[in-house]
Amino acid sequence: MIKREEAVTLLEENIASENMKKHCYASEAVMRALARRLGKNEDEWGLAGLLHDIDVEITNADPKTHGPYAKNLLKGKVTEEMLDAIVMHNEMAAGKERTTEFQHALAAGETITGLITATALVYPDKKLAPVKPKSITKRMKQKAFAASVNRENILECEKIGIPLNEFAEISLHAMKEIDEVLGL
Ligand SMILES: [Fe+2]
């Protein structure tokens, strides 16, 4: 498996959008926190978070190729489990439903970063600091808020044994730790 430094280079080479890069760094932070919580390999989970959207610009987020394209791009660079979780974060391209903890964690983890970011942006300073886990769970129920954020993906946290309240707390804390990277 490649080192983080190399993964960051890959990310920088393949993603131009600053917001998308931030989404990837946020996903990495959340995945590292989840790995620690569940006793999984932190680097594997973290780098899967960092690299899961590596093909999003080249595939134009096409539901049929986003995921499989990344798998080809990353083959030989990361573990099979990571490739699998990355492909499966887009069930539509994979043509099957997620079943493993790693798959559920990545889908839920990368998705909650969007809800957390949208929640922070509502505050006057647009920062994570005043955001509380409860703000996240409240926004979770407001379907019209950040409507493109898939609530079902986020609720897959329950499939890895982490209730939504705790999942929001872990994810928010993880993102706060890299608030400067995220510009939040
Ligand atoms: Fe993503």
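Every number in this text was worked out from the coordinates using simple rules, so none of it is lab data. All values reported here derive from a predicted model rather than from experimental measurement. Virtual Cβ from ideal backbone geometry, glycine too; neighbours counted across all protein chains shown.
For the reader, a short list of remarks on this structure follows.
- Two-decimal Rg/Rh across the chain, once Rg and the Kirkwood Rh are taken from alpha-carbon atoms: 0.94
- Value of relative contact order over segment 4-178, rounded to a whole percent, pairs C-alpha under 8 Å and six or more apart: 22 percent
- With Cα atoms, 0 to 90° folded angle of helix 164-176 axis to the chain main axis: 80 degrees
- Subset of 71/176; 3/75; 21/71; 64/126 violating a 24 Å alpha-carbon distance limit: 71/176; 64/126
- Among 105-112, 117-124, the order from most to least packed when residues are scored by Cβ within 10 Å on average: 105-112, 117-124
- Label-point separation in nm, residue 42 to residue 118, each point 7 Å along Cα→Cβ: 3.1 nm
- Partner aspartates and glutamates whose Cα lies under 15 Å from the Cα of residue 132, excluding those fewer than 8 positions away in the same chain, are identified as 166, 169, 177, 179.
- Take 61-71, 89-99 and order them by the average number of nearby Cβ atoms within 10 Å per residue, most first; the result is 61-71, 89-99.
- Rounded to whole numbers, the Karplus 3J(HN,Hα) couplings from phi for segment 11-18 are 4, 5, 6, 9, 10, 9, 5, 5 Hz, using 6.51 cos²θ - 1.76 cosθ + 1.60 with θ = phi - 60°, and x at Gly and Pro.
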